[in-house]
Amino acid sequence: MTTDPRVSIIIRTFNRPKMLRRALESVGRQTYKNIEAVVINDGGDDVQSVLDDFQSAFDILYLNFAPEAKPGRCNAANEGIAQSTGEWICYLDDDDFYYPDHIETLMTEAKATGALILYTDANKGTEEPTDVPGEYVTTKIEDGPSEDFSRAGFYLGCYIHLVTFCHHRELYEQQGGFDEE
């Protein structure tokens, strides 16, 4: 049995099942194993068939909102976090993916420093649609911003992409979650 803290990966999706599959594949390749994926379908077509392929690889919780109940991005994130079980929260939208050591890098740094909020650098990929509906091809990969934290810089324009961000559940509960307004 692992003593590593559990990490909940909040994945919001809406009508992009092929991208969701790629995101979940990246979760399955993580070197850090004490994870769960919380997939929140924000009123789109049902993606249970995509999730079925990953049920044996890692824990998945599926929140499927009907189109008329579409909660929106912030509400969907709050609902996913409320239903999650992890001590740590990370984010991965359906059009993003993680490198295999992403979660391990964050958890190693959290353990080493005692930090309750962490983020990594990110690359930016440009994708173009193919002739097959819902499929894309990567046409360019660029280094994303790589900056040390600056409170002033953060308030002027958030330079930290949510997919790179990880925080302890305690901080989320103290701050009250995403602003749903």
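Observations, loosely collected:
- Taking Lys and Arg as +1 and Asp and Glu as -1, the other residues whose beta-carbon sits under 15 Å from that of E170 total 0.
- Positive minus negative residues near F54 (Lys, Arg vs Asp, Glu; Cβ under 13 Å): -2
- Ranking Y62, C166, G44 by Cα position along the charge dipole of the chain, where only Lys, Arg, Asp and Glu carry charges on their C-beta atoms, puts C166 farthest toward the positive end.
- Given +1 at the Cβ of Lys and Arg, -1 at the Cβ of Asp and Glu and no other charges, the dipole of the chain around its Cα centre is 260 debye to the nearest 20.
- Partners for K33 among lysines (Cα-Cα distance below 18 Å; same-chain residues under 8 apart left out): K111
- By DSSP, the beta bridges lying fully in the chain are antiparallel in about 40 percent of cases.
- Around the Cα centre of region 1-47, unit charges on the Cβ atoms of Lys, Arg, Asp and Glu (plus for the first two, minus for the last two) sum to a dipole of about 220 debye.
- Accessible area per residue was computed with a 1.4 Å probe on protein heavy atoms; E87 scores about 90 Å².
- When a 1.4 Å probe is rolled over the protein heavy atoms, the share of accessible surface on the chain that falls to carbon and sulfur comes to 50 percent.
- Here region 96-137 is treated as an ellipsoid with the same Cα gyration tensor; its semi-axes, largest first and in whole Å, are 33, 9, 7.
- Formal net charge of residues neighbouring T126 (Cβ-Cβ distance under 10 Å; K, R +1; D, E -1): -1
- Listed by chain and number, the lysines whose alpha-carbon sits under 24 Å from that of K140, ignoring those within fewer than 8 places in the same chain, are K18, K124.
- Highest-MSF residue in the chain out of I117, I11, I141 [GNM, Cα springs under 10 Å]: I141
- Label of the coordinate-derived value, P(r) over Cα pairs in 10 Å bins from 0, in percent, listed as (1) 9, 36, 38, 16, 1; (2) 9, 31, 34, 19, 6, 1; (3) 9, 36, 35, 14, 5, 2, 0, 0: (1)
The values are calculated or read from the model by the stated rules, or taken from the named source; none is laboratory data. Since the structure is predicted, the reported quantities are computational estimates derived from the model, not experimental observations. Quick reminder, even Gly has a Cβ in these numbers, built from the backbone with ideal geometry, and neighbours come from all protein chains shown. In case anyone asks, the SASA skips ligands and DNA or RNA and just uses the protein heavy atoms, side chains included. Shrake-Rupley method; radii C 1.70, N 1.55, O 1.52, S 1.80 Å.
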